[in-house]
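Peer 1: Here it is: the structure, laid out below.
The values are calculated or read from the model by the stated rules, or taken from the named source; none is laboratory data. Being a predicted model, the structure only gives us computed values, none of them experimental. Cβ placement follows ideal geometry from the backbone for every residue including glycine, while neighbour counts extend to all protein chains displayed. For the accessible areas, the whole protein counts, side chains as well, though only heavy atoms, and no ligand, DNA or RNA atoms are used. Shrake-Rupley method; radii C 1.70, N 1.55, O 1.52, S 1.80 Å.
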Amino acid sequence: LHWYKHAGVDMALEDATVDRFAEFKKQMDARKDNTARTRPRLTTPLKSTSAQSPMSDAAIPDESVVADARKQVKEAKSLEELREILAGFKGCNLRLGAKSMVFADGNPKAEIMLVGEAPGRDEDISGIPFVGRSGQLLDRMLEAIGLNRETVYISNVIPWRPPGNRTPTPQETEICRPFIERHIELVAPKVLILLGGASAKTLLNTTQGIVKLRGRWAKYKTASGEIDCMPTLHPAYLLRQPAQKKLAWQDFLKIKIKNNGSGN
Ligand code: URA
């Protein structure tokens, strides 16, 4: 188990273990016999009964899923409604492997909103964004400019933990995009802080990397106007590259200056 954990495997996807060696042998035998009767497990059709596996709830994502997400979020007139709609949304398969839906933390009336990439293990367990090591660093960074979770609001582009903390696929990001966009519209912050490349690229609709984007004020466009937006380095990256903290500090000082300028 330790070896698996070290390799990044930290969850089981199915209730029963699968003997892949036996599966492979069966496949080879089937080929030898040239008979269709012993079909290997890997080619069994996707449609299984719900008693067999949670994966039977899995959607096959396509553009209509994104269109459906867009349609559903329009119904949300408050954050509570958005949370409910998201909880009932079946279009993103990441929900199947996650323990919790991680919606948000902090003060929904705050003028500053931070958006990260996706929950990690600790966030999945607690259902609260940024509570693990990177969250603790984020709290210290906020504190350094006089902010905390009562004066900011925090969410993520993706509300479910991707298995093993893998990077969300572009398709998963597109499916979840309408939710975070509506989320931002409903909070309507004065300042948006985009934590890391994934969040910045998604919400600024750019392919530019975070190293280029960070530290420069940008405009995030909503249906009702524009929000000042600061892309900055993700705290998880800063934990791996502590020498880069000085850059994040420069970005946070810019946020502090803007925030103080607005009379806070
Ligand atoms: N990293 C993120 O991007 N979001 C979290 O909530 C936790 C870690």
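Peer 1: Could you give every pair whose Cβ atoms fall below 7 Å, whose first residue belongs to segment 229-253 and is under 14 Å from Ala144 (Cα atoms), and whose second residue is modelled with pLDDT under 95 and open to solvent by less than 10 Å² (accessible area, probe 1.4 Å), counting only separations of at least 6 or pairs across chains?
Peer 2: none
Peer 1: Does segment 213-264 hold any residues that are of a type in the set (Ser, Thr, Tyr) and within 21 Å of the chain's Cα centre (by Cα), and which are they?
Peer 2: Selection gives Tyr220, Thr222, Thr232, Tyr237.
Peer 1: Among the residues in segment 225-233, are any surrounded by fewer than 22 Cβ atoms within 10 Å (Cβ to Cβ) and out of contact with any strand residue (DSSP E or B) (no Cβ under 9 Å at 6 or more places or on another chain)?
Peer 2: yes
Peer 1: Of everything in segment 127-152, what is more than 10 Å from the ligand (Cβ to nearest atom) and under 15 Å from the mean Cα position of the chain (by Cα)? Give them in sequence order.
Peer 2: Within segment 127-152, just Gly127 meets the criteria.
Peer 1: Mind checking whether some residue in segment 72-86 is more than 16 Å from the ligand (Cβ to nearest atom), open to solvent by less than 70 Å² (accessible area, probe 1.4 Å), free of Cβ contacts under 8 Å to residues at least 12 places away in the same chain and not aliphatic (A, V, I, L, M)?
Peer 2: No, segment 72-86 contains no residue that is more than 16 Å from the ligand (Cβ to nearest atom), open to solvent by less than 70 Å² (accessible area, probe 1.4 Å), free of Cβ contacts under 8 Å to residues at least 12 places away in the same chain and not aliphatic (A, V, I, L, M).
Peer 1: Using the structure shown, decide if Thr169 is surrounded by fewer than 19 Cβ atoms within 10 Å (Cβ to Cβ), β-branched (Val, Ile, Thr) and within 16 Å of the ligand (Cβ to nearest atom).
Peer 2: Against the criterion (surrounded by fewer than 19 Cβ atoms within 10 Å (Cβ to Cβ), β-branched (Val, Ile, Thr) and within 16 Å of the ligand (Cβ to nearest atom)), Thr169 qualifies.
Peer 1: Another one. Taking segment 99-108, which residues are more than 7 Å from the ligand (Cβ to nearest atom) and not in a strand (DSSP E or B)?
Peer 2: Lys99, Ser100, Met101, Phe103, Ala104, Asn107, Pro108 - these are the residues of segment 99-108 that are more than 7 Å from the ligand (Cβ to nearest atom) and not in a strand (DSSP E or B).
Peer 1: Please verify whether Leu96 is away from the ligand (no atom under 16 Å from the Cβ), among the aliphatic types (A, V, I, L, M), open to solvent by 30 Å² or more (accessible area, probe 1.4 Å) and in a helix (DSSP H, G or I), treating the condition exactly as stated.
Peer 2: Criteria met by Leu96.
Peer 1: Right, another one. Note down all Cβ pairs under 8 Å where the first residue falls in segment 159-185 and is at positive phi, the second is not hydrophobic (A, V, I, L, M, F, W, C), and they're at least six residues apart or on different chains.
Peer 2: Going by the 8 Å Cβ cut-off, the qualifying pairs are Gly164/Gly8; Gly164/Asp10; Asn165/Gly8; Asn165/Gly120; Asn165/Arg121.
Peer 1: If you go through segment 109-126, how many residues are within 11 Å of the ligand (Cβ to nearest atom) and open to solvent by less than 10 Å² (accessible area, probe 1.4 Å)?
Peer 2: The number of residues fulfilling the criteria is 5.
Peer 1: Here's a follow-up. Please count how many residues of segment 101-118 are within 14 Å of the chain's Cα centre (by Cα) and touching a residue at least 60 places away in the same chain (Cβ under 8 Å).
Peer 2: 6
Peer 1: When Arg240 is evaluated against the numbered criteria (1) touching a Cys at 6+ places or on another chain (Cβ under 9 Å); (2) open to solvent by 50 Å² or more (accessible area, probe 1.4 Å), which criterion, by number, is the only one it fails?
Peer 2: (1)
Peer 1: Condition first: closer than 16 Å to Thr173 by Cβ and assigned to a loop (DSSP other than H, G, I, E, B). Now tell me which residues in segment 210-246 satisfy that.
Peer 2: His234
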